Amino acid sequence: MSFNYEQSFTIQGGNFTDAGVVSVFIKRTLQKMGIPSEILRRVAIATYESEINIISYARIGIIYIRVTPENIIINIDDEGPGIENIELAMRAGYSTADEKIREMGFGAGMGIPNIINCSDDFKLTSEVSKGTHLRILININTN
Ligand SMILES: Nc1ncnc2c1ncn2[C@@H]1O[C@H](COP(=O)(O)OP(=O)(O)OP(=O)(O)O)[C@@H](O)[C@H]1O
Ligand SMILES: [Mg+2]
């Protein structure tokens, strides 16, 4: 099977009403393309956790997804406070989520660790007061 697809989505910070809309759309789109379910599951988790983090912490962000016959590349760029200590942010259970975010059911500090678990390659870079960038690579292995 030969997969080819790319699309960008803008995520508005603070918009909890639409939390999950983009990641569900991506999942359905890839499902229709015939992407294997195990790959689909990993893409869905990685995009969902990234989407929630933009909504929770950033002003605005873009999720860019590209599907090739070999892999799925997800680039996420946001404008926001950035992450001061990346090593800490990647640690399971670490969270700076405020009361409002916790009331929405988030803030377990498991988002980034989950993304890492779903990625074949993961890169997180950030500039404080500017924003955060994630690059997630998921290999498509259909054999
Ligand atoms: N896009 C971002 N901009 C700024 N800070 C972020 C961003 N994403 C994550 N962080 C910081 O990294 C921490 C850990 O993120 P992670 O997604 O792992 O957990 P969480 O969002 O706190 O809780 P959960 O994802 O389990 O609901 C966050 O609490 C926040 O301090
Ligand atoms: Mg999170």
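Just a few scattered comments:
- Check on residue 89, among the hydrophobic types (A, V, I, L, M, F, W, C), more than 21 Å from residue 12 (Cβ to Cβ) and either near ligand 1 (Cβ under 9 Å from one of its atoms) or buried (at least 17 other Cβ atoms within 10 Å of the Cβ) (or both): yes
- Residue within the range 66-87 that is within 16 Å of ligand 2 (Cβ to nearest atom), in contact with a helix residue (DSSP H, G or I) (Cβ under 8 Å, 6 or more places away or on another chain) and acidic (Asp, Glu) present: yes
- Residues of the range 34-60 that turn out to be out of contact with any Gly (no Cβ under 8 Å at 6 or more places or on another chain) and surrounded by fewer than 18 Cβ atoms within 10 Å (Cβ to Cβ), as a count: 5
- Against the test of being among the β-branched types (Val, Ile, Thr), touching a residue at least 12 places away in the same chain (Cβ under 8 Å), open to solvent by less than 20 Å² (accessible area, probe 1.4 Å) and near ligand 1 (Cβ under 9 Å from one of its atoms), the options 74, 63, 83, 101 yield a single qualifying residue, 101.
- Listed by first and then second residue, the pairs with beta-carbon distance under 8 Å, at least 6 apart or on different chains, first residue in the range 10-37 and within 20 Å of residue 68 (Cα to Cα), second hydrophobic (A, V, I, L, M, F, W, C) and in a loop (DSSP other than H, G, I, E, B), are 33/3; 34/1; 34/3; 35/3; 35/140; 36/140.
- Looking only at residues of the range 123-141 that are within 11 Å of ligand 1 (Cβ to nearest atom) and assigned to a strand (DSSP E or B), we find that the one that is most open to solvent (accessible area, probe 1.4 Å) is 127.
- Residue match in the range 124-143 (condition: charged (D, E, K, R) and within 29 Å of residue 36 (Cα to Cα)): yes
- Residue count for the range 110-122, restricted to those that are near ligand 1 (Cβ under 9 Å from one of its atoms), assigned to a loop (DSSP other than H, G, I, E, B) and buried (at least 17 other Cβ atoms within 10 Å of the Cβ): 0
- Answer from 31, 7 - the residue that is open to solvent by 40 Å² or more (accessible area, probe 1.4 Å), more than 16 Å from ligand 1 (Cβ to nearest atom) and in contact with a Phe, Trp or Tyr (Cβ under 9 Å, 6 or more places away or on another chain): 7
The values are calculated or read from the model by the stated rules, or taken from the named source; none is laboratory data. Values in this document were obtained by computation on a predicted structure and should not be read as measured data. For neighbour counting, all protein chains shown are included, and Cβ atoms are generated from backbone atoms with ideal geometry for every residue, glycine included. When the accessible area is computed, the model is the full protein with side chains, heavy atoms only, and any ligands, DNA or RNA have been set aside. Shrake-Rupley method; radii C 1.70, N 1.55, O 1.52, S 1.80 Å.
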